[in-house]
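Inspection log for the structure reproduced underneath, given as structure tokens.
The values are calculated or read from the model by the stated rules, or taken from the named source; none is laboratory data. These figures come from a predicted structure and were not determined experimentally. Using ideal geometry, Cβ is built from the backbone for each residue, glycine included, and neighbour counts are taken over all protein chains shown.
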Amino acid sequence: MRELKFDNRFVHELPGDPESGRHVRPVHEACYSRVDPLPVRAPALLAWSREVGELLGLDEADARSREFAEVFAGNRLLPGMEPYAACYGGHQFGNWAGQLGDGRAITLGEVINRRGERWELQLKGAGPTPYSRHADGRAVLRSSLREFLCSEAMHHLGVPTTRALSLVGTGEEVVRDMLYDGHPRPEPGAVVCRVAPSFIRFGSFEIFASRGEESVLEHLIDFTIARDFRELAGETDPALRRVRWFEEVCRRTAVMVAHWMRVGFVHGVMNTDNMSILGLTIDYGPYGWIDDFDPDWTPNTTDAFHRRYRFGEQPRIAHWNLWQLANAIYPVVRDVDALERGLALYAEVYEAEHRRLMREKLGLTRSVDGNEGGAGGADEALLGDLHRLLREGEMDMTLFFRRLAAFDPAAVQPGLFDDVFYDAARREASAGELERWLQRYAARLEGEGVAQALRSERMNRVNPLYVPRNYLAQQAIDAAETGDLSVLERWLEVLRHPYTEQPDGERFAGKRPDWARDKPGCSMLSCSS
Ligand code: AMP
Ligand code: MG
């Protein structure tokens, strides 16, 4: 622990808030406010990620030490840590919301690991900051467990994401009205230590643009490029470098969202303050996983009416968010055409990446259309019809693709897809269409000439068997709230290898049971966390 080496460029190179203290305030012409985590009553380690520990040079003995729980609850600072809360703004549900900032997140510092990589350590739920507005700066166990678990699961799934080192119980209670229905109750509190090269968001730039604070805006852009986009250092013209940087943000965002669509992840709150400048999935709140394939589904009850952030809308929302970022950086870039090219690049990269990943999901390697780059080919139709079928048949997305990998055109396997359906009537109604689709698919596979076993293996490498389904997360939370961490530990182990079938892993692979269909925490989540 003592060996952690810090190099805190964010606070050393960017302008900070001259005022100190936790009191809530507007912060002008500053990227951060220095603030220490507020100690909690009884820190206790609930879970940790050995992979993230390894990134930082921390092992099992470190993680089990008293000091670890204290440091990652916010009760103790290590030499070299310089805590701060970042100032940012954001568009929330389509509207400019003004100053937001780290209301309950506190960065401890930037670690440089043995490989020379930079990893920022940030506590979430560490107490009030100048950006806490009306809230308490704390987080409940249920939402902290969800963030800890899902960010690690996403990493193992191959989706760009922030990471999580630890989940520490605070021994304190936090009062939340989970469904916003006038029934607040005390819940156990927790702190997650998130880890990423940077937590800078689109909203970090928007705040300065909105206030006309152009010199800070320029400073932050150039800082971000210099620290977090070192591959752009070769571009010596600063104006061009900023253009390249925006393009790179667009490209990475496109890749991230294409992966969300591949694995069935719904972020739930794609506000611009929740969009990482590194193209990482960030701020796990009322997110959810697609069970039955429904592009209109959103887990977030706060968004139940408009469904702005529903599954199928995510690619378009990311584009809208990039457009806000383009507006924000315009005063420094001053090149409309270049920014528009970046936005167009987003669409191109998204389309290409999405098509590539969907073909992989289907186990298709060769192009029959001769138009791999364009839309409207035979494979596009095959995929489009499949999506319609999955939706109308109310089929489980994850299970369907695993069964499809096992589907052998040469050997009819009756009932292969039976348990993929949520509803017997829908299964009956879809049977004919599924059969016809499988025939087309089988014919298409013939053109591939790939051995069944090889295709199956390839498909299972991109179609996960284990994803952090909402009802499973709720079961892990229910157990953890009674002090039983075994469910979380076992599940975390399974999620380390989401593409590989594991002995006694069935309980983590099943489709959503009926009781969970409309249960809070399983298919309905609020922002209350
Ligand atoms: P989110 O929707 O979780 O991304 O949060 C939006 C804003 O509200 C961010 O500025 C958060 O820091 C802030 N926020 C959310 N929950 C709390 C809380 N319990 N205490 C203080 N600030 C919070
Ligand atoms: Mg947020």
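Could you check the range 79-94 and list, in sequence order, the residues that are more than 20 Å from Val216 (Cβ to Cβ) and either under 22 Å from the mean Cα position of the chain (by Cα) or near ligand 1 (Cβ under 10 Å from one of its atoms) (or both)?
Matches in the range 79-94: Gln92, Phe93, Gly94.
Under the condition of being touching a residue at least 60 places away in the same chain (Cβ under 8 Å) and assigned to a helix (DSSP H, G or I), which residue from the range 486-503 is farthest from the chain's Cα centre (by Cα)?
Glu489
Of all helices (runs of 4 or more DSSP H) completely enclosed by the range 368-484, which ones contain at least 2 residues that are of a type in the set (Lys, Arg)?
It comes to 378-392, 397-406, 424-448, 452-462.
Can you tell me which residue is farthest from ligand 1 (Cβ to nearest atom) among those in the range 264-310 that are of a type in the set (D, E, K, R) and outside any helix (DSSP H, G or I)?
This residue is Asp292.
For the range 161-197, how many residues are at positive phi, modelled with pLDDT under 95 and assigned to a strand (DSSP E or B)?
Result for the range 161-197: 0.
Hey, does the range 337-344 have a residue that's out of contact with any strand residue (DSSP E or B) (no Cβ under 9 Å at 6 or more places or on another chain), surrounded by 14 or more Cβ atoms within 10 Å (Cβ to Cβ) and outside any helix (DSSP H, G or I)?
No, that holds for no residue.
Residue check, Gly483 against (1) under 24 Å from Glu173 (Cα atoms); (2) surrounded by fewer than 18 Cβ atoms within 10 Å (Cβ to Cβ); (3) in contact (Cβ under 8 Å) with a residue 60 or more places away in the chain, all met but one. Which one?
Among (1) under 24 Å from Glu173 (Cα atoms); (2) surrounded by fewer than 18 Cβ atoms within 10 Å (Cβ to Cβ); (3) in contact (Cβ under 8 Å) with a residue 60 or more places away in the chain, Gly483 violates only (3).
Just give me the residues in the range 450-480 being of a type in the set (Asp, Glu) and over 24 Å from the mean Cα position of the chain (by Cα), in sequence order.
The answer is Glu457, and nothing else.
Regarding the range 301-318, can at least one residue be identified that is surrounded by 14 or more Cβ atoms within 10 Å (Cβ to Cβ) and in contact with a strand residue (DSSP E or B) (Cβ under 6 Å, 6 or more places away or on another chain)?
Checked against the condition, which is being surrounded by 14 or more Cβ atoms within 10 Å (Cβ to Cβ) and in contact with a strand residue (DSSP E or B) (Cβ under 6 Å, 6 or more places away or on another chain), the range 301-318 yields at least one hit.
Can you tell which of Asp303, Asp292, Asp335 is more than 16 Å from ligand 2 (Cβ to nearest atom) and under 30 Å from Phe421 (Cβ atoms)?
One residue alone meets the criteria, Asp292.
I'd like to check something: does the range 107-118 contain any residue that is loosely packed, with under 15 Cβ neighbours inside 10 Å and more than 23 Å from Trp48 (Cβ to Cβ)?
Yes, that holds for at least one residue.
Could you say whether any residue in the range 191-206 is buried (at least 18 other Cβ atoms within 10 Å of the Cβ), among the basic types (Lys, Arg), free of Cβ contacts under 8 Å to residues at least 24 places away in the same chain and in contact with an Asp or Glu (Cβ under 6 Å, 6 or more places away or on another chain)?
No - not one qualifying residue is present in the range 191-206.
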